[in-house]
1. Given the chain, what count of lysine pairs have C-alpha atoms under 26 Å apart, with each pair 8 or more places apart or on different chains?
2. Counting alpha carbon pairs within less than 8 Å and at least 6 residues apart, what relative contact order, in whole percent, applies to the range 36-318?
3. Rank S177, G129, C32 by how far each Cα sits towards the positive end of the charge dipole of the chain (+1 on Lys, Arg Cβ; -1 on Asp, Glu Cβ) and give me just the farthest.
4. Given the DSSP H assignment, sum -39500 (n - 2.57) over each helix run of at least 4 residues in the chain and divide by its residue total; what's the result at 222 nm in deg cm²/dmol, nearest 500?
5. Give, in nm to one decimal, the length gained when the segment between F22 and I189 is fully stretched (0.36 nm per residue of separation minus the Cα-Cα distance).
6. If the chain between A171 and N272 were fully stretched, how many nm would it gain, using 0.36 nm times the residue separation less the Cα-Cα distance?
7. Rank these for me by crowding, S309, S70, going from fewest to most other beta carbons within 10 Å.
8. How do F273, F185, F302 line up, fewest other C-beta atoms within 10 Å first?
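Throughout, read-outs are computed from the coordinates displayed, never taken from laboratory work. Values in this document were obtained by computation on a predicted structure and should not be read as measured data. Cβ sites come from the backbone with ideal geometry, for glycine too, and all protein chains shown count toward neighbours.
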Amino acid sequence: MILKKINIQWLATPILILVSAFVTNAIIMLLCHYNPLEAYQAAMSGAFGNSRKFGETLVKSTPFLMTGLSVAMAFRCGIWNIGAEGQFLIGALTATWFGTKLAPIFPQSPWIAVPLCLGFATVAGGVWGLIPAVLKVVRGVNEVISTIMLNYVALHLVSMMIDGGPLQETAQRGPQSDRIAEWVFLPRILPPHRVHLGIVIAVVLAVILTFVLFRTAFGYQLRAVGEGAAAAEAAGISIAHNTVRVFFISGALAGLGGAIELTALTRRLFINFSPGYGYTAIAVALLAKLNPLVTVAAALLFGALTTGSYSMQREVGISDKVTLVMQATILLFVIGYSSIQLFRKRQSLQE
């Protein structure tokens, strides 16, 4: 039933956005004296050339998917949560605290320690998300401003904790934490590849959230508030209640994403732990038109861009910064096409 909603007209905008972005980036490459066909071929080979490369693409896609789901849920309710980056960091920070300080007092079993660690991080991300929710509901503070500011608070909190703080590694060789306990490692499912259980968790969550949004009363309320807060309130739907709920869910998803990244891959916290997953998540969610299930495909695209950039750098000589240019171009076209659609919608309502 859900798939019936995905028709040709619905897919037209994302396809047009991608085509426009890739053509624009091809022009940029030509101006820089690179062959765009060779570059894109290298990127495809680097992202999907064999099982190892495809596995690495899945690994790179996971944080984009978790933060993308976080942003998509908030935006669906008309909440502009720009704080997925900070919530992602808070989740990683909480997982570090659990993995280095609390894990030794729990049974040394992954079946116990891993769910507890991910659970703590999920709640921490959700609680961090409640801060802008309370500010908005109680004081009317714009969530765009508060969430952006909280991103910097989270960033400096991480720095404070691992650079001379209580979570800095015992050897004090630099601004990073100790390695988390081995029984807190998130299992890898296709060794020796780095594909881990977090990928499965993220996809399952995408399916669950799609069902919740389109097949439950709670999801209907979120979508109703996002489509028109005044009409939803007139129908008896509490704006404040749904704002608080969706902010907690959004923060929890991003926090879980940070914990997955730490327990599955880095296994220690350090400065610049996130290269901006929470900000790129905005492009991921908007490209997927705020559909959690389609967010899986959008996250895979951004993961492929990240993995493929290494091959472009190695085989064609293009800087890996071209990935950032591609992501920025996609975001610009997303915003551009969304603005056009919004303008047309308003014009039709006025007529």
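1. Here the count comes out as 9.
2. 42 percent
3. G129
4. Working: 13 runs with 246 residues, N = 351.
Rounded to the nearest 500, it is -24000 deg cm²/dmol.
5. 56.8 nm
6. Result for the pair: 34.4 nm of gain on full extension.
7. S309, S70
8. Details: F273 22, F185 19, F302 26.
Ascending Cβ contact count within 10 Å gives the list F185, F273, F302.
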